[in-house]
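What follows is a single structure, written as structure tokens, with notes after it.
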Ligand code: MN
């Protein structure tokens, strides 16, 4: 088995090292991770400059680009053979509901999925690494399961793990994505040079945390596993938009 490991917090993040350590023995582990933190990078690719690929002091391969760059370069240029699985994380913080659209952690997994490789993103919900070993143990169990009994392709799983000791984790729940309220306002501040600048504010609180959502599973202390797909088409709206748009250029 060959497992490609990446993340968005950067090659030196504790969550990456914990994930790699936890997966030891399950196969050949290849780590290709961003040189610096790219949380919130979503699926961006770097197209305005070439990418440097270096070996970091910890032995991991790092790329001066985004999470998607890392997996893309690994799959198209660095690896001799396709991996059997792409895993990403363990992220420092939740990737639930709308977070999945912004997340670099999910994006790294998505890049594998787009190449037809099963992929799993792991996030530790509460920031800080207090119970990282427990989260890594959960991640190992899920990866072991996928390797031993692969889900029917295509596979893109979004896993959020509560920051709890292993014995306090209330099992695994398979969920749908919830929804967040809009983000908190930007934070305005002034630089030492007198320029007004703006920090993007924190994510909004949960708006849809109904039973069956990722948010609800986490509130209950459970691990949330959400199967994702990428068809953004609003199928139910096609007929209405057809009636609305297609007459526009009938005489063109
Ligand atoms: Mn991150």
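Table for the structure above
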| item | result |
| --- | --- |
| Computed lengthening from residue 252 to residue 167, 0.36 nm per intervening residue step minus Cα-Cα distance | 23.9 nm |
| Contact order normalised by residue count of the chain, Cα under 8 Å, 6+ apart, percent | 17 |
| Euclidean distance of C-alpha centroids, the stretch 164-194 and the stretch 6-32, integer Å | 22 |
| Residue among 195, 236, 152 with the largest mean-square fluctuation in a Gaussian network model of the chain, springs linking Cα atoms under 10 Å | 236 |
| Antiparallel content of DSSP bridges confined to the stretch 90-232, in %, to 5 | 45 |
| Fluctuation leader among 63, 187, 174 - the chain, Gaussian network, Cα springs under 10 angstrom | 187 |
| Footprinting exposure proxy for 214, 208, 80, 98 (fewest neighbouring C-beta atoms within 10 Å first) | 80, 208, 98, 214 |
| Volume per residue that the Cα convex hull of the stretch 181-235 spans, once the total is divided by residue count, Å³ | 167 |
| Extension gain from residue 145 to residue 188, taking 0.36 nm per residue of separation minus the Cα-Cα distance | 10.8 nm |
| More than 18 angstrom apart: percent of Cα pairs within the stretch 97-221 | 62 |
| Estimated inter-spin distance, residue 76 and residue 52, nm [label 7 Å along Cα→Cβ] | 2.2 |
| Two-site label geometry, residue 236 and residue 126: point separation in nm, points 7 Å out along Cα→Cβ | 3.7 |
| P(r) tail fraction, the stretch 1-159 - alpha-carbon pairs more than 28 Å apart, % | 9 |
| Relative contact order for the stretch 106-252, counting Cα pairs under 8 Å that sit 6 or more residues apart, in percent | 24 |
| Taking 234, 181, 131, 38 and counting other C-beta atoms within 10 Å, the order from fewest to most | 234, 181, 131, 38 |
| Listed residues 190, 213, 100, most fluctuating in the chain (Gaussian network, C-alpha, under 10 Å) | 190 |
| Residue order, fewest to most surrounding Cβ atoms within 10 angstrom, among 198, 193, 113 | 193, 198, 113 |
| Cα pair distances in the stretch 97-166, grouped into 10 Å bins until the bin that holds the longest one, percent each | 20, 46, 30, 3 |
| Spin-label proximity, residue 37 to the stretch 111-146 - amide N less than 20 Å from point 7 Å beyond Cα toward beta carbon | 122-133 |
| Estimated 222 nm signal from helices in the chain, with DSSP H stretches of n ≥ 4 weighted -39500 (n - 2.57), rounded to 500 | -7000 deg cm²/dmol |
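FYI, it's all coordinate maths here, none of it is from the lab. All values reported here derive from a predicted model rather than from experimental measurement. Backbone-built Cβ (ideal geometry, glycine too); neighbour counts: all protein chains shown.
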